[in-house]
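Here is the structure we will look at, set down as structure tokens.
The values are calculated or read from the model by the stated rules, or taken from the named source; none is laboratory data. Predicted model only: the values in this text are computed from it and were never measured. Neighbour counts run over all protein chains shown; Cβ positions are idealised from the backbone, glycine included.
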Amino acid sequence: MSTAAFLMPAIHRRDLLALGAGGLLAASGLSGARAQTKAAPPPPSKPTGQVVVGLSQEPTAFNPLMPGIEVDETVWMQIFNTMWLAQPDGSLVPDLAAEIPSEANGGISDGGLAWKVKLRAGVTWHDGTPFTAEDVKYTLELINAPGFKARTRVGHALVRDIKVTGPLEISWRMEKAYAPYLALLSNTFIVPKHLLEKAADPNTAPYNAAPVGTGPFKWGTRTPGDNIQLVANEKYHGKGPYLERAVLKYVPDQTALYAQFRTGQVDLIIGTGIPANFYAEAVKLPGRKVMKIPSASLEILMPNLEHPVLKDKAVRKALYASINKQAIIDIIYYGTHTPTESFAPQESWAYNPKLPKQEYDLAKANKILDDAGWKRSGSGTRMKDGVPLTFAVSTTTGAALREQAQQLMMQDWQQVGVKMTINNMPAAVIWGDFYTRSKFDSLVVGTAFRTVIDPDPAHRFGSDAIPAKSGNGANQMQWQNAEADALMKEGQTTFDQEKRKAIYFKLQELVREELPILPIFQYAPIEGYKEGLIGFEPNVNARQNTWNMGSWYWAR
């Protein structure tokens, strides 16, 4: 079947005005996934069968301590383990550790500076070598090793004086108390000392192309541009694996990937998911379970606060009031995403539900700009102190839905005297120095504002986290706010969740008032799988929903 048959026409502004959001959604018949009501059968006694996972991006980085993209975690989660693992409800459960260290059990002491972890007994690497505390020590030291291309040193750079106090016991000290380190360790995969220490250069070790871990699946084969095959680790220390093989199949065209899901060539689609324009059809496919999946990522307008226009809070407030967020969600994204006012995902324990709700109000936007001294010129574009109210919005070339959102924003902002231009670029260009070094005016971008599962956003909002000003972080907006800095520092240094919750509630109120980001929606990607696959469970606290693939199996 030709994939062209699935294509739907772009929705234009005239269609939006003619139909209205409600009309289009009613016509589409959108609905949720059908609930599974039958009790699940027990898993097989030994690994059997295979699952074919459809991905629109290709995993290419297999050392989990080195730079990679989110899709690489579909491999890391199967080959490797972390010391503890985040569950869908945000709780942590032990994995390579025997228990989660806390102040209550003495694992964390001295005001958060001293850490001690007891590790699980009976764990072996895929080559049969026993796992020990030496592997954890080696991993933490490698991350901080000069010259090693670490994926991140956030949090890890604070670790000092690592000591192996027994075959399955390790301790260290922190340079300062840092509560998010528990969350960071839930996403820090442990690598084998006995294999990597032999490499002349860990950055280029052969190991990086054929990794050995402790996880439920072992490395099988890789066909670049097509698939990766993983095979069951029958000596796994946890439950499962119940599948004999997992095939990660790479299909870059999302429409073609959806076609393969329809015809059964792939068993499930995760990650970027099913395109929104196929949602209404997909939920009705026989023999398939299709659902919207919670995600911690947001779609935002990211202003550069060093821009002469966008540094004015009144301008940001006016822009926000004149974004038709609901139309963007309902018309362009087929109603699949969730409007939000916060940088925190709505599933987080730190989410503040009482933030003021944005209302699309062109009259209010005009008044804000009038009051702030932005006067209309003869061309219709406002001016203040000789500076025209104009700026560019950039995003990835070819991102069709974002391009439609740009057009919608441009037309609304024109009505309030704002001249917006579009400056889109290929992904390889826009997400290079243009983004990381804050060379943009503003961006439409999808991103998250937390430290793994922890609500701490200091690496995104801290005044010391601006790469364009030699900071270590991802504050590309270049927001500098002393009150926010103080709140984030306080949130990092206490381990009391209720105290932290109050701190992050205040921070969300401040961000909502200052608008260093203009939130549009929280993502709800659409994923689906064949009926009969048992164990698939969405997890907003995992970056890929293969987080528990070791417990998947087929109903017999």
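The table that follows gives values for the structure above.
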item	result
Lone qualifier among 56, 28 - being surrounded by fewer than 17 Cβ atoms within 10 Å (Cβ to Cβ), of a type in the set (Gly, Ala, Ser) and either modelled with pLDDT under 80 or under 19 Å from the mean Cα position of the chain (by Cα) (or both)	28
Top-ranked residue of the stretch 410-436 - restricted to ones that are of a type in the set (A, V, I, L, M) and modelled with pLDDT under 95, ranked as surrounded by the most Cβ atoms within 10 Å (Cβ to Cβ)	430
Residues (in a loop (DSSP other than H, G, I, E, B), touching an Asp or Glu at 6+ places or on another chain (Cβ under 9 Å) and surrounded by fewer than 19 Cβ atoms within 10 Å (Cβ to Cβ)) located in the stretch 359-374	360, 372, 373
Among the candidates 424, 472, residue that is farther than 30 Å from residue 380 by Cβ and over 19 Å from the mean Cα position of the chain (by Cα)	472
Residue within the stretch 256-267 that is among the β-branched types (Val, Ile, Thr), touching a Ser or Thr at 6+ places or on another chain (Cβ under 9 Å), over 30 Å from residue 94 (Cβ atoms) and surrounded by fewer than 20 Cβ atoms within 10 Å (Cβ to Cβ) present	no
Any chance residue 507 is assigned by TED's automatic domain parsing to the domain that holds residue 339, without any contact (Cβ under 8 Å) to a residue 60 or more places away in the chain, surrounded by 17 or more Cβ atoms within 10 Å (Cβ to Cβ) and in contact with a Leu (Cβ under 7 Å, 6 or more places away or on another chain)	yes
Options 169, 141: the member that is under 27 Å from residue 489 (Cα atoms) and touching a residue at least 12 places away in the same chain (Cβ under 8 Å)	141
Pairs, first polar (S, T, N, Q) in the stretch 114-136, second buried (at least 18 other Cβ atoms within 10 Å of the Cβ) and assigned to a strand (DSSP E or B), C-beta under 9 Å, six or more apart	132/119
Members of the stretch 285-298 that are in contact (Cβ under 8 Å) with a residue 12 or more places away in the chain and either assigned to a loop (DSSP other than H, G, I, E, B) or over 23 Å from residue 258 (Cα atoms) (or both)	285, 287, 293, 294, 295, 296, 297, 298
Checklist (1) within 30 Å of residue 50 (Cβ to Cβ); (2) surrounded by fewer than 18 Cβ atoms within 10 Å (Cβ to Cβ) applied to residue 525, failing item	(2)
Residue within the stretch 455-469 that is closer than 30 Å to residue 373 by Cα, buried (at least 16 other Cβ atoms within 10 Å of the Cβ), at pLDDT 95 or above and touching a Leu at 6+ places or on another chain (Cβ under 6 Å) present	no
Single residue of 363, 392, 321 found to be hydrophobic (A, V, I, L, M, F, W, C) and free of Cβ contacts under 8 Å to residues at least 12 places away in the same chain	363
Neighbours by Cβ (under 6 Å, 6+ apart or cross-chain): first from the stretch 422-447, on the phi > 0 side of the Ramachandran plot; second part of a helix (DSSP H, G or I) and of a type outside the set (Phe, Trp, Tyr)	438/468
When residues of the stretch 303-333 are limited to those that are of a type in the set (Asp, Glu) and in a loop (DSSP other than H, G, I, E, B), the one farthest from the chain's Cα centre (by Cα)	312
Residues of the stretch 209-225 that turn out to be surrounded by fewer than 21 Cβ atoms within 10 Å (Cβ to Cβ) and either among the small types (Gly, Ala, Ser) or at pLDDT below 95 (or both), as a count	5
Residue list for the stretch 523-556, restricted to those being part of a strand (DSSP E or B) and either touching a Pro at 6+ places or on another chain (Cβ under 6 Å) or hydrophobic (A, V, I, L, M, F, W, C) (or both)	526, 533, 534, 553, 554
Qualifying position, being out of contact with any strand residue (DSSP E or B) (no Cβ under 6 Å at 6 or more places or on another chain), surrounded by 20 or more Cβ atoms within 10 Å (Cβ to Cβ) and more than 30 Å from residue 367 (Cβ to Cβ), among 279, 250, 236	236
